[in-house]
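Report on the structure given below.
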Amino acid sequence: MAKLVITDQTLTVALSISDKLHTLQRNLKVPRWAILGVRAVADGLDEARGVLGSGTEVPGVLRAGTIAYQGTVTFAICRVRVPAVVIELSGQAFDRLVLTVADPDAVVAQLA
């Protein structure tokens, strides 16, 4: 599960060692001005559609890494039937973040 560190200026996705191994990424830092929208979803795996470019997939269980779909690039760390947050971005390496988090509604409230 991704840990989000939210300040007035930035959103940092702090990855655990296993998340770093699954995604082949380091911690991500996004300026708050780049966040276009945020919403909670019941199952993050439903949002992590597309071709997995780099990362790890266990079909129907886990999807973690960089995903390309219809001209967009998504960074995802999702597990099946676990709530997640979807963050739409502008001007960043990723167009979207889809992250399984402990309390998606709280993240939406903080970023709104």
Applying the selection to the stretch 48-65, what residues are within 16 Å of M1 (Cα to Cα), surrounded by 13 or more Cβ atoms within 10 Å (Cβ to Cβ) and touching a residue at least 12 places away in the same chain (Cβ under 8 Å)?
A48, G55, T56, L62, R63, A64, G65
For L89, all conditions in the list (1) under 13 Å from the mean Cα position of the chain (by Cα); (2) at pLDDT below 95; (3) closer than 22 Å to I6 by Cα hold save one; what is the number of the exception?
(2)
Quick one: what pairs do we get from the stretch 6-32, first residue within 20 Å of I67 (Cα to Cα), second among the charged types (D, E, K, R) and surrounded by 13 or more Cβ atoms within 10 Å (Cβ to Cβ), C-beta under 6 Å, 6+ apart or different chains?
T12/K29; A14/K3
Name the residues in the stretch 30-70 that are of a type in the set (D, E, K, R), more than 12 Å from the chain's Cα centre (by Cα) and part of a strand (DSSP E or B), would you?
E57
The stretch 1-29 - residue that is out of contact with any Ser or Thr (no Cβ under 8 Å at 6 or more places or on another chain) and in a loop (DSSP other than H, G, I, E, B) and, of those, nearest to A93 (Cα to Cα):
R26
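The values are calculated or read from the model by the stated rules, or taken from the named source; none is laboratory data. Because the structure is predicted, anything quoted here is derived from the model rather than measured. Positions of Cβ are backbone-derived with ideal geometry, glycine not excepted, and every protein chain shown enters the neighbour counts.
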